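Q: Got a structure here, written out as structure tokens. Questions coming.
Quick note: the coordinates plus some simple rules give every number you see, no bench work behind them. Since the model is a prediction, treat every value here as computed from it, not as a measurement. Here Cβ is always computed from backbone atoms with ideal geometry, including for glycine, and neighbour counts include all displayed protein chains.
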Amino acid sequence: MAEPKSKIHVKKGDLVMVITGKNAGKKGKVLEVIPKKNRVVVEGVNIVKRHTRPTQKMPQGGIVEKEAPIASSNVMIFCSKCNSPRRINKQILANNKKIRVCNKCGEAFDK
């Protein structure tokens, strides 16, 4: 039986701040969202070293540093107007389009 797809509060391209774990306090852009596992990949956060074999693409091989996914519950959207991580609300516009807005200042995250 297939697992139900869960909703994640962040989207690709959002500016987020890590609120818990070893990377707490770091900010970065969401590079990838993995809804099945409830995880996100954030730029410059949770860097791991990966030992790679020589390939045609990378004939040298060696140790490559890359971002690993972290739990989506460990990040919050960063509001540039408030200059802090904030919760979000959904707002319905006149044309029945839903956008995400900052809970405190009302700044729209969706353009």
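Q: Multiply the residue gap between residue 22 and residue 56 by 0.36 nm, knock off their C-alpha separation, and tell me the result in nm, one decimal place.
A: So the chain would gain 8.7 nm between residue 22 and residue 56.
Q: Could I ask something else about it? Is there a quick way to get the dipole size of the chain? I mean about its Cα centre, with the Cβ of Lys and Arg at +1 and of Asp and Glu at -1; what is the value in debye to the nearest 20?
A: Computed about the Cα centre, the dipole is about 180 debye.
Q: Based on the mean of other Cβ atoms within 10 Å per residue, sort peptides 63-73, 49-59, 25-35 so the most packed one is first. Present the calculation step by step, with values, prior to reporting the outcome.
A: Working: 63-73: 13.5, 49-59: 8.5, 25-35: 15.2.
Order by mean packing, descending: 25-35, 63-73, 49-59.
Q: A further question on this structure: Based on other C-beta atoms within 10 Å, arrange 101, 42 from fewest to most. Write down the numbers at each step before the final one.
A: Values: 101 17, 42 26.
Ascending number of Cβ neighbours within 10 Å: 101, 42.
Q: Given a cut-off of under 8 Å on Cα pairs at least six residues apart, what relative contact order in percent is computed for the chain?
A: Result for the chain is 20 percent.
Q: Rounded if a/c is under 1.5, else prolate if a/b is larger than b/c, else oblate: which is the stretch 1-89, with a ≥ b ≥ c the root eigenvalues of its Cα gyration tensor?
A: Here the stretch 1-89 falls in the oblate category.
Q: Of the candidates 96, 83, 23, which one comes out as most mobile in a Gaussian network treatment of the chain with C-alpha springs shorter than 10 Å?
A: In the Gaussian network model the winner is 96.
Q: Work from the charge dipole of the stretch 15-85 (Cβ charges, +1 for Lys and Arg, -1 for Asp and Glu, about the Cα centre) and give the residue of 46, 18, 75 farthest towards its positive end.
A: 46
Q: Can I ask one more? Just to confirm my numbers, what's the Cα centroid distance between the stretch 5-19 and the stretch 26-73 in Å?
A: When both Cα centres are located, 16 Å separates them.
Q: For residue 82 paired with residue 103, estimate the spin-label separation in nm (one decimal), with each label point 7 Å from Cα along the Cα-to-Cβ line.
A: It works out to 0.7 nm between the two label points.
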